[in-house]
1. Per 0.36 nm of contour for each residue apart, how much would the distance between residue 29 and residue 72 grow if the chain were fully extended, relative to their Cα-Cα spacing?
2. For the stretch 9-101, what is the convex hull volume of the alpha-carbon atoms per residue, in Å³?
3. Taking the beta-carbon count within 10 Å as an exposure proxy, list 28, 40 from fewest neighbours to most.
4. Between residue 40 and residue 20, what is the FRET efficiency for a Förster distance of 30 Å, r being their Cβ-Cβ separation, to the nearest 0.05?
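Values in this text are rule-based calculations from the coordinates and carry no lab data. Just so you know, these numbers come straight off a predicted model, no measurement behind them. Note: ideal-geometry Cβ built from the backbone for every residue, glycine included; neighbour counts use all protein chains shown.
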């Protein structure tokens, strides 16, 4: 089946998946910006890591569909970091305010 964009329906579906993943991934910056504005210092709220993980998972699925090894490695390695940070948050191991505000 051909869609309105002239693409096969499966390709249109995966393009939508890619755009949704990118939107989730971009939301992490919006969440971080709002939290930093509220506290008047640079902070990384927990939602930043959840959006990173969700966006990374969706983008990884898109990268797998595209069979793009560079994209796959980039997204897969990021998932390890996002998961590890969520583990630290859930176990109570938060960074000190000095470290969060650095840089």
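1. Values: separation 43, 0.36 × 43 = 15.48 nm, distance 2.15 nm.
Extra length available between residue 29 and residue 72 comes to 13.3 nm.
2. Numbers: hull volume 8.1 nm³, N = 93.
Residue-normalised Cα hull volume stands at 88 Å³.
3. Values: 28 22, 40 8.
Ranked by crowding around the Cβ, least crowded first: 40, 28.
4. Working: r = 32 Å, r/R0 = 1.08.
Efficiency, from the Cβ-Cβ distance: 0.40.
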